[in-house]
Amino acid sequence: MPQILTGVRVAAVIACVVVFLSEMVQPGDGLGDQMIRAARAFRSVDMFVPIVVISALGASLDLILDQIRRRALAWSV
(Lines give C-alpha, C1' and ligand atoms only; values in the text may rest on other atoms or scores of the structure.)
Protein backbone atom coordinates (compact mmCIF):
# COMPACT_ATOMS: atom_id res chain seq x y z
CA MET A 1 0.00 0.00 0.00
CA PRO A 2 2.74 2.59 0.74
CA GLN A 3 4.33 2.03 -2.67
CA ILE A 4 0.99 2.39 -4.45
CA LEU A 5 0.18 5.71 -2.78
CA THR A 6 3.68 7.00 -3.46
CA GLY A 7 3.22 6.07 -7.11
CA VAL A 8 -0.09 7.94 -7.18
CA ARG A 9 1.63 10.98 -5.71
CA VAL A 10 4.38 10.95 -8.33
CA ALA A 11 1.95 10.24 -11.18
CA ALA A 12 -0.32 13.14 -10.20
CA VAL A 13 2.54 15.64 -10.41
CA ILE A 14 3.69 14.19 -13.74
CA ALA A 15 0.11 14.43 -15.01
CA CYS A 16 0.10 18.17 -14.20
CA VAL A 17 3.25 18.64 -16.26
CA VAL A 18 1.88 16.60 -19.17
CA VAL A 19 -1.37 18.58 -19.21
CA PHE A 20 0.61 21.83 -19.22
CA LEU A 21 2.81 20.63 -22.09
CA SER A 22 -0.17 19.39 -24.11
CA GLU A 23 -1.80 22.81 -23.70
CA MET A 24 1.34 24.32 -25.18
CA VAL A 25 0.95 22.15 -28.29
CA GLN A 26 -2.82 22.27 -28.71
CA PRO A 27 -4.20 25.79 -29.18
CA GLY A 28 -6.87 26.82 -26.73
CA ASP A 29 -7.36 28.91 -23.63
CA GLY A 30 -5.12 26.96 -21.27
CA LEU A 31 -2.06 28.02 -19.34
CA GLY A 32 0.31 26.51 -21.89
CA ASP A 33 -1.25 28.44 -24.74
CA GLN A 34 -1.17 31.61 -22.67
CA MET A 35 2.54 31.12 -22.07
CA ILE A 36 3.26 30.52 -25.76
CA ARG A 37 1.34 33.65 -26.79
CA ALA A 38 3.24 35.73 -24.23
CA ALA A 39 6.58 34.31 -25.39
CA ARG A 40 5.82 35.10 -29.03
CA ALA A 41 4.94 38.69 -28.06
CA PHE A 42 8.16 38.99 -25.99
CA ARG A 43 6.22 39.63 -22.75
CA SER A 44 8.50 37.85 -20.32
CA VAL A 45 6.53 38.71 -17.16
CA ASP A 46 3.30 37.37 -18.68
CA MET A 47 5.20 34.28 -19.77
CA PHE A 48 6.24 33.35 -16.24
CA VAL A 49 2.77 33.70 -14.68
CA PRO A 50 1.51 30.36 -16.08
CA ILE A 51 4.76 28.70 -14.97
CA VAL A 52 4.27 29.96 -11.41
CA VAL A 53 0.60 28.89 -11.42
CA ILE A 54 1.31 25.36 -12.65
CA SER A 55 4.21 25.06 -10.21
CA ALA A 56 1.97 26.10 -7.31
CA LEU A 57 -0.71 23.69 -8.49
CA GLY A 58 1.76 20.80 -8.68
CA ALA A 59 3.27 21.61 -5.28
CA SER A 60 -0.13 21.88 -3.59
CA LEU A 61 -1.30 18.64 -5.21
CA ASP A 62 1.86 16.94 -3.96
CA LEU A 63 1.31 18.22 -0.42
CA ILE A 64 -2.35 17.17 -0.41
CA LEU A 65 -1.53 13.67 -1.61
CA ASP A 66 1.28 13.41 0.92
CA GLN A 67 -1.14 14.28 3.73
CA ILE A 68 -3.63 11.70 2.45
CA ARG A 69 -0.87 9.08 2.34
CA ARG A 70 0.25 9.91 5.88
CA ARG A 71 -3.29 9.64 7.27
CA ALA A 72 -4.12 6.49 5.35
CA LEU A 73 -0.87 4.83 6.35
CA ALA A 74 -0.51 6.06 9.90
CA TRP A 75 0.07 2.46 10.99
CA SER A 76 3.17 2.07 8.83
CA VAL A 77 5.06 5.18 9.94
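The table for this structure:
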item	result
The range 1-43: number of residues that are out of contact with any helix residue (DSSP H, G or I) (no Cβ under 8 Å at 6 or more places or on another chain), open to solvent by less than 80 Å² (accessible area, probe 1.4 Å) and over 30 Å from L73 (Cβ atoms)	2
Pair list, Cβ < 8 Å and 6+ apart or interchain, from the range 6-22 residues that are within 14 Å of G32 (Cβ to Cβ) to residues that are open to solvent by less than 60 Å² (accessible area, probe 1.4 Å) and not small (G, A, S)	C16/I54; C16/L61; V17/I54; F20/L31; F20/P50; F20/I54
Filtered residues of the range 1-42 (kept if among the aliphatic types (A, V, I, L, M) and over 13 Å from the mean Cα position of the chain (by Cα))	M1, I4, L5, V8, M24, V25, M35, I36, A38, A39, A41
Flag if I64 is surrounded by 12 or more Cβ atoms within 10 Å (Cβ to Cβ), among the aliphatic types (A, V, I, L, M) and within 15 Å of the chain's Cα centre (by Cα)	yes
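The values are calculated or read from the model by the stated rules, or taken from the named source; none is laboratory data. Bear in mind that the values here come from a model prediction, so they are computed numbers and not experimental data. Because the Cβ atoms are built from the backbone with ideal geometry, glycine has one as well, and the counts that use them run over all protein chains shown. The area values use the complete protein model at the heavy-atom level, side chains included, leaving out ligands, DNA and RNA. Shrake-Rupley method; radii C 1.70, N 1.55, O 1.52, S 1.80 Å.
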